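Heads up: the structure comes next, in structure tokens.
Bear in mind that the values in this text are calculations on the coordinates, not laboratory data. Remember, it's a predicted structure, so these values are computed and weren't measured experimentally. Backbone-built Cβ (ideal geometry, glycine too); neighbour counts: all protein chains shown.
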Amino acid sequence: MLKKRIVYYAALLMTITGVLGTPVICHGEESAETVMESEGGEADASNLIAGEDERAAQQSVGEEGVEPVYAEDLKEGTYSIEVDSSSSMFRIVNAELTVKDGQMTAVLTLGGKGYLKLFMGTGEEAVAADESAYAEFVEDSEGAYTYEVPVAALNTKLECTSFSKRKEKWYDHQIFFKAETLPAEAFVMEPETIDLKDGDYTVNVELSGGTGRATVTSPAKLRVEDQKATAVIEWSSSNYDYMMVNGEKYLPVNTEGNSVFEIPVLIFDEAMPVAADTTAMSAPHEIEYTLTFEKASIQGESGHMSLIVGIGVVIIVLAGAAAALRKKKGTSDET
């Protein structure tokens, strides 16, 4: 009898152990993955995007008829720029645009601390994107929230969505980087064309800027090809190791004597901004200058005439021919 009871309780214990060994899931502790599978991933994703009735009133941004500005249209550097937003709840109080290696990025400072991250695109695209594409907030020295985002173009309406800290949803906006608020020197200039035959010339050039101690040789040699001019700039020092013109770096064309560079002439009769790096100081230092090329001073070499001289000769020839014609006419009238 005792044996039978022992066998009975042993079997009962095994049964209980088997039941207890089965995983038990409490409804209140379901994982996010389980909920997504049971309720549908798409439905949950849509719940992460604020609807129009949840967003502040939107306003149009941008200007009609303006040309988009891309990275190749700008010189490398960092510039302050104004950015319009379609929402009063997404106010951009400061923006720094950086152009480097053919790409543009911007550090945006918002007027509040309600957003954890930004994404350049729509909320729907943000939900589908990898988290590495999000711009997480970084506090600046004053505690403001800043975000570094890629910028495809200026003067173009761009989609930008922000993730609300309180609502835990993406809120869609449009932003517009205003190229007109960049400084003039940020833009790559198209070289001015000049109506001269291909050949070698000279031109008077004036240097301004820096400490005033440096000078350049004037007149400078000028080479014209396809109506574009290139000047030979010789400095009064051998300590310049490169020049920057229109965002491009130019190295010396000589190895001895004063530093000599061949650079494009972007504009005549106006100050053309350039920079030159000097090694004369304790550390290399880039100095900003301007060069002004005087178009009226252009003189030809190798038998070529300057534009101004050529016009002058034509006028003299025509005036002489007219005088001779009048004289001949007067003589014939008297006879």
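Pull out a ≥ b ≥ c, the square roots of the eigenvalues of the alpha-carbon gyration tensor of region 52-99, then state rounded if a/c is under 1.5, prolate if not and a/b is larger than b/c, and oblate in the remaining case. It comes out oblate by the Cα gyration axes.
From the alpha carbon gyration tensor of region 61-186, can you work out the equivalent ellipsoid semi-axes (sqrt of 5 times each eigenvalue) and give them in Å, largest to smallest?
Values: eigenvalues 110, 49, 40 Å².
Those come to 23, 16, 14 Å.
A DSSP coil position with no more than 14 other Cβ atoms inside 10 Å describes the following trypsin sites (Lys or Arg not before Pro) in region 112-178: LYS113, LYS165, ARG166, LYS167.
Between beta-carbons, use under 13 Å as the cut-off and find the net charge around TYR145, counting Lys and Arg +1, Asp and Glu -1. Walk me through the numbers before you get to the answer.
Working: positive: ARG91, LYS113, LYS117, LYS165; negative: GLU136, GLU139, ASP140, GLU142, GLU148.
Here the charged neighbours net out to -1.
Annotation for GLU63 and ARG166: the two label points, set 7 Å from Cα along the Cα-Cβ direction, are 3.6 nm apart. Relative to the current alpha-carbon distance between THR122 and GLU270, full extension at 0.36 nm per residue lengthens the span by 48.7 nm. Distance distribution note for region 199-310: the fraction of Cα pairs above 25 angstrom is 19%. Note on region 144-180 and region 200-238: Cα centroid distance 45 Å, given to the nearest whole angstrom. Each of MET243, MET189 was scored by other Cβ atoms within 10 Å of its Cβ. Listed from fewest to most, they are MET189, MET243.
For region 146-217, what is the charge dipole size about the Cα centre, in debye to the nearest 20, if Lys and Arg each add +1 at the Cβ and Asp and Glu each add -1 at the Cβ?
Values: 8 positive and 12 negative charges, 162 e Å.
For this selection, approximately 780 debye.
Determine the sum of side-chain charges near ILE287: Lys and Arg each +1, Asp and Glu each -1, restricted to other residues whose C-beta is under 11 angstrom from that of ILE287. Summing Lys/Arg as +1 and Asp/Glu as -1 gives -2.
State which entries of LYS75/LYS167; LYS178/LYS295; LYS75/LYS221; LYS100/LYS221; LYS113/LYS249 exceed 31 angstrom in Cα-Cα distance in the structure shown. Please report the intermediate quantities before stating the final value.
Working: LYS75/LYS167 40 Å; LYS178/LYS295 34 Å; LYS75/LYS221 27 Å; LYS100/LYS221 33 Å; LYS113/LYS249 41 Å.
Check vs 31 Å cut-off fails for LYS75/LYS167; LYS178/LYS295; LYS100/LYS221; LYS113/LYS249.
Each Lys or Arg adds one and each Asp or Glu subtracts one; over the other residues with Cβ under 12 Å from the Cβ of SER86, this totals 0.
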